[in-house]
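So the structure is just underneath, and the comments pick up after that.
Every read-out reported here was derived from the displayed coordinates using simple, explicitly stated rules and does not represent laboratory data. Since the model is a prediction, treat every value here as computed from it, not as a measurement. Neighbour counts are summed over all protein chains in view; Cβ atoms, including those assigned to glycine, are modelled from backbone coordinates with ideal geometry.
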Amino acid sequence: MFDIGGNNYRMIAKIIKFDEMQSLKYKIIKSKDQYIHYCKALESLLEIRTISNEVKDEIELLTFLIEKWDAENSYFKEADPIEVLDSLMKDRNMKAKDLVKILGVSKGLVSDILNYKKGLSKEIIRVLSHEFKLSQEVFNRPYKLKNPVNSHLRDASVMNTTKEIELAC
């Protein structure tokens with residue numbers, strides 16, 4: 001018994017044995033496989049129509065763990081947008097024809113984008129960001145396009161330069 005403000009209280013304590021404790025459903029992500037598993041779990045939770053408080057907590061926890069992994073392990077910071085897009089497509093077993101449907105553009109444009117012949121428009125960046133649940137900044141970075149004028153050159157160092165044309169006056 002103990003006294004707080006003139007009131008007597010009795011403390012009841014229960015010792016919980018380690019093996020009686022509930023194991024954690026989610027832990028710090030330590031591998032790419034675990035990361036992919038958590039991403040899939042988050043996607044399935046986000047598809048639930050009626051979300052309880054427990055599911056909201058689970059979504060918040062998974063989002064935090066995934067974002068932490070991304071911040072520490074992501075090569076997205078260094079990669080150009082097309083490398084990122086290619087990696088995301090491989091992770092999801094997507095083909096160029098899948099991008100055609102998602103973006104609502106021609107297969108020729110998708111081919112030009114994936115082959116560095118055309119840049120990403122603002123609208124395409126928005127759609128990709130929404131589709132892959134990434135910040136628009138991931139796709140809105142400068143990267144070099146392949147200049148078709150110099151495509152016959154083998155040396156990559158001169159491939160992205162323009163030809164000098166002398167004008168006769």
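Protection proxy ranking for 80-89, 97-106, 27-36, using the average of other Cβ atoms within 10 Å per residue and placing the highest first: 80-89, 97-106, 27-36. With a Förster radius of 25 Å applied to the beta-carbon distance between ILE59 and MET94, the computed FRET efficiency rounds to 0.55. Farthest towards the positive end of the charge dipole of region 81-153, among the residues MET94, GLY108, ILE82, is the Cα of GLY108, using unit charges on the Cβ of Lys, Arg, Asp and Glu. Taking the square roots of 5 times each eigenvalue of the Cα gyration tensor of region 59-120, largest first, gives ellipsoid semi-axes of 27, 14, 9 Å. Between LYS146 and LEU24, the FRET efficiency from the beta-carbon distance, with R0 = 45 Å, is close to 0.40.
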